[in-house]
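Okay, structure first, notes after.
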Amino acid sequence: MPVTGEVTPHHLLLTDDAMRAYDPNAKMAPPLRSKRDVEACREALADGTLDAIATDHAPHALADKEVELDQASNGIVGLETAVPLCLTRLVRERVLDLPALVARLTAGPARVLDLPGGTLTVGRRAT
């Protein structure tokens, strides 16, 4: 049976310590977890158990986040920060090399969704 798994950049890079200040910007679903859980997600990404990084992009208006924590919407900006955070943290810390990161952000999700693949070779035109 084909099985796939994904993880978000914020679940690879942030821990539940971000909630100590009751910051609504760190409120998300699923919630942030312990450092041990973050390490387990990083290991699973590195060994291929998790085959895709998904941004889980869920931005909200300031009015939805600048409220008491219990009233704040779940969500975090993921789209604009995924690549820079993954490059500076996952590649620099040698969790993944650059080709593996690119694959987890592109080919991995395409394979899961059974989307036709392409190439970025020089001179190749998009189809």
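Is it the case that some residue within segment 43-57 is free of Cβ contacts under 8 Å to residues at least 40 places away in the same chain and within 11 Å of the chain's Cα centre (by Cα)?
yes
Restricting segment 55-98 to residues that are surrounded by 13 or more Cβ atoms within 10 Å (Cβ to Cβ) and basic (Lys, Arg), which is nearest to Val7 (Cα to Cα)?
Per the stated criteria, the residue is Arg89.
Rule-based calculations on the coordinates, nothing more; no lab input. Remember, it's a predicted structure, so these values are computed and weren't measured experimentally. When we count neighbours, we look across all protein chains shown, and the Cβ atoms used for this are built from the backbone with ideal geometry, even at glycine.
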